């Protein structure tokens, strides 16, 4: 049993049907960012595992006889996660309007009296395979200390709370620094400078997924500096690429991959990076080693010291040699499991090209088939749009 202290009683006494003293948040998660995917059963198991360590979420209010003192917090002997965690299917088409209506419906219902004052709703059937989460907690439960405990649970920091900093591992220090910034109410943005560099690969994946979930949940600006393109592409909503001290492109991961505006972006983003090779460009044709490659746009009057074309390996297929294909010499084949890439040479230029499923070259010579829609032209390393 614990007596209410501080301003918590004020939140209880000020609570009315018209002005409920409740804290709520709503967020949408992308299940593809989690290592094992989403299931409601996993959410429930995770909550059941961590709730025992989060005392404020297992307690209910007990009034003092005759109202002689503030109510007491007591452990709820009948606590059952079923009363707090709810699974809801969003009506079709599962867009923002339907989700907003669901949030409104949840907020319009009072918390159930006589049990720990919080509830969580997992919203399924969102458009694009997304999963929503709506949580509601009475303000008397959540304050600075309770919030810190909550983030300690979310970041798996509870075992480290009473340890001295000199005895913490590198990854624990990183997580504590993150948690320190997240629990402060005066933080407008959090800067991460290579936060996962010293962390082992398995934990790096877990933290990356957790950071993305926290970013969506808190709606907090996070600036993440990294040399690891995988971290940048999986974590960020907007990626800013800096080269030689200046910004060369900013945009979504899809924009940086599909239409790099600078050859450095093309080569840096993607594994393998974009093929960047010198070429002669005129009209809707590019010439490499005397062979014509069709372009999807018209180019004329290109002036610059260096004219190149760029095409990602995913849009260059290795094929059986033919007169209408660019002839290349195969140097090696890299099998990445999900895809195979051939490393080939055309004169002095080197290419990476996709090996179609089931295709096996008969020798060390092959033809290259380009997708014109994905062949870009660069002048002095900068993208030239051309005319449609």
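Values quoted throughout were computed directly from the atomic coordinates according to the rules given, and no laboratory measurement underlies them. Everything numeric here is computed off the predicted structure, so don't read it as measured data. All Cβ positions, even for glycine, are placed from backbone atoms using ideal geometry, and neighbour counts span all protein chains on display.
How much length is gained on full extension from residue 107 to residue 49, taking 0.36 nm per residue of separation minus their Cα-Cα distance? Don't skip to the answer; put the middle values down first.
Values: separation 58, 0.36 × 58 = 20.88 nm, distance 2.65 nm.
So the extension gain works out to 18.2 nm.
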Legend entry - Reduced Cα scattering model of the stretch 2-142, Debye log10 I(q)/I(0), q = 0.11, 0.14, 0.15, 0.21 Å⁻¹: -0.48, -0.73, -0.82, -1.31
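Neighbour counts of other C-beta atoms within 10 Å: give me 205, 73 arranged from fewest to most.
Listing 205, 73 from fewest to most nearby Cβ atoms yields 205, 73.
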Legend entry - Label point at residue 371 placed 7 Å out along Cα→Cβ; residues across the stretch 294-333 whose backbone nitrogen lies under 17 Å: 294-297, 310-319
Inset, instruction - Over 19 Å, how big is the tail of the calculated P(r) for the stretch 271-384, in percent of all Cα pairs? - result: 42
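In percent, what relative contact order does the stretch 2-142 have, based on Cα pairs under 8 Å that are 6 or more apart in sequence?
Values: 198 pairs, mean separation 49.1, N = 141.
Relative contact order here is 35 percent.
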Inset, instruction - Kindly give the semi-axes, whole Å and largest first, of the ellipsoid equivalent to the stretch 35-108, taking each as the square root of 5 times a Cα gyration tensor eigenvalue. - result: 33, 20, 9
Inset, instruction - Please order 317, 80 by the number of other Cβ within 10 Å, starting at the fewest. - result: 80, 317
Inset, instruction - May I ask you to derive the FRET efficiency for residue 336 and residue 292 from their Cβ-Cβ distance with R0 = 30 Å, giving the value to the nearest 0.05? - result: 0.50
Legend entry - Distance between the stretch 71-134 and the stretch 324-388 - C-alpha centres, whole angstrom: 51
Inset, instruction - Any chance you could run the full-extension gain for residue 345 through residue 300? It's 0.36 nm times the residue separation minus the Cα-Cα distance, nm to one decimal. - result: 13.4 nm
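For 233, 382, what ranking results if the residue with the fewest other Cβ atoms within 10 Å of its Cβ goes first?
Working: 233 16, 382 12.
Ordered from fewest to most neighbouring Cβ atoms within 10 Å, 233, 382 come out as 382, 233.
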Inset, instruction - Find how many whole Å separate the alpha carbon centroid of the stretch 204-235 from the alpha carbon centroid of the stretch 267-320. - result: 33
Inset, instruction - Find the relative contact order for the stretch 271-384 and round it to a whole percent, using C-alpha pairs within less than 8 Å whose residues are 6+ positions apart. - result: 31
